[in-house]
1. How do 233, 309, 76, 358 stack up against each other in accessible area, from largest to smallest, with a 1.4 angstrom probe?
2. Using r as the Cβ-Cβ distance of residue 274 and residue 335, and R0 as 35 Å, what FRET efficiency do you calculate, to the nearest 0.05?
3. Give a quick list of trypsin sites (Lys or Arg not before Pro) in region 246-300 that DSSP marks as loop, anything other than H, G, I, E or B, with at most 15 other Cβ atoms within 10 Å.
4. Counting alpha carbon pairs within less than 8 Å and at least 6 residues apart, what relative contact order, in whole percent, applies to region 268-357?
5. Solvent-accessible area of residue 242, probe 1.4 Å, all protein chains present, reported in Å² to the nearest ten, please.
6. For helix 340-349, report the angle its Cα long axis makes with the longest principal axis of the Cα atoms of the chain; keep it between 0 and 90° and round to the nearest 10°.
7. Counting only protein heavy atoms and a 1.4 Å probe, tell me what percentage of region 99-165's accessible area is made up of carbon and sulfur.
8. When Rg is the radius of gyration of the Cα atoms in region 410-469 and Rh is its Kirkwood radius, what does Rg/Rh come to?
Amino acid sequence: MPELPEVETFARGLNLRLKGKRILDVLLFREKNIIGNPDEFKETLKGKKILRVSRRGKYLIFSLSEGYSFLSHLRMEGRWKKLPFDCPIDKHRILSMALDDNSRLDYVDTRKFGTLELKRNKDVFSTPPLSLLGPEPLDVDFETFKERIQTENKPVKEVLMDQTILAGIGNIYADESLYKAKIHPFEPAANLDDGELKTLYQAIRTILKLAISLRGSSVHSYVPTFETEPASMQERLLVYGRAHEPCEACGTPLTYTKLNGRGTTYCPICQKRKNAAFVLAITGPIHAGKSIAGLFLETQGFAHFDADMEVKKLYKQADIQRTMKEILGKKAIVKKQVNAPYLRDLFAKNPLKKKEWMDYLYPKLEEAYLSFYASNKNARGILLDVPLLLDSPFLNCPDAILLIDADIEARKQRLIDEGRDVENLMKINASYPLKQTKKIATFVIENNGGLDDFSNELNLLLRRIREAR
Ligand SMILES: [Zn+2]
């Protein structure tokens, strides 16, 4: 989605090419994109001269003669194109204007979310949407910036993206600015002190100015145009779109998570949470050493959230047992106990039932986790032990993921030494998604040697995490 630098690029390019041109005719192909009366929009534009194109927040303002303007918000994929009059028609064209220099100005929008709205000049800034916008991040002074940000108790990234607080910053430049300022995106804005706010203020300005000078970012399918050279800020982005790639500063794979439904990338080591525990998820195939690592981290002050144990606790609750019977059948509960063999069998035969059950259970488990987190947030760290990490909603919680892996031979030997059913356990474990987990893991420890090597590795890991605190 185009943000301040991309819209600014459009505004400058359009202004240069459209200033003084007269609109001879208007063809509207999709009325839904017009806010207000489409006919009035079309008729009013006809015959007007374009005096200037400028930007406010993520809006383009086309100032016309005779006291009119219109606003254009590009949303996801909207773009303006100035073409020779007889150029072929784009099938995603929303609007076409014939100009008096034998050219055509088209508004094209593949996703069709963009909006166009006619305004009297006197109403442009005094009525919504522009009257609702916060100040421009490149114009606002530090004291005003501080006042607006510091009073918010929401995660700082959410605050930066709130157009009523500051106008123009979206997902890309929020992630980039927070990384540059070394601030965790989830940090409540109210927690930031003056020094941190100053750093953030500067970071935002530096990044937006650089992005404008590079004509914005071309990301996903979005290509801002209207300059002779293409956008190139995408090559300078350090976190956005770089999930799991090494951090430029410290080499740690960048964490990808969701904040309020929006993809968020940050460095778990460089971007510190203040006064909050470091959340480390632990995963790995059977007998690679997960439980030893868990015990070790517990002795080092980590609070341990064991999802299996929590599920067992949940399964003892009467209301959950009742729902289980409804969803999975009466046989699921025998003498007030969960009938585990029946469930295993049912889930193996009927994956849809399993999904239905998980959709019910996961929110309960997440609730249990959130209350655990709240009561342990002053611990040195929180160890999040969720067997099926990839499938679970917890994937969005950890700061980092620790994968404990070991060669299959080493793991087999450990099972033999303990006199356990090697074949069966290895069979159950064959489905462990090692490859996918490796891709998203922040830290990987290969536990093939003895206990000393293993505890050395874990100590090293702790030292790295401590750097983050
Ligand atoms: Zn880093």
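The values are calculated or read from the model by the stated rules, or taken from the named source; none is laboratory data. Everything numeric here is computed off the predicted structure, so don't read it as measured data. Ideal geometry is used to build each Cβ from the backbone, glycine not excepted, and the neighbour counts take in all protein chains shown. Side chains included, ligands, DNA and RNA excluded: accessible areas come from the protein's heavy atoms. Shrake-Rupley method; radii C 1.70, N 1.55, O 1.52, S 1.80 Å.
1. Numbers: 233 5, 309 110, 76 65, 358 45 Å².
So, going from the largest accessible area down, we get 309, 76, 358, 233.
2. The pair residue 274/residue 335 has a calculated efficiency of 0.10.
3. Numbers: sites: 258, 262, 272, 273, 274, 290; in loops: 273, 274.
In loop regions of region 246-300 (DSSP not H, G, I, E or B), the sparsely surrounded trypsin sites (Lys or Arg not before Pro) are 274.
4. On the way: 36 pairs, mean separation 12.8, N = 90.
Here the relative contact order equals 14 percent.
5. It works out to around 70 Å².
6. Result, in degrees: 40.
7. On the way: 1590 of 3110 Å².
Ligands and nucleic acids excluded, carbon and sulfur give 51 percent.
8. Numbers: Rg = 14.9 Å, Rh = 13.9 Å.
Expressed as Rg/Rh, it is 1.07.
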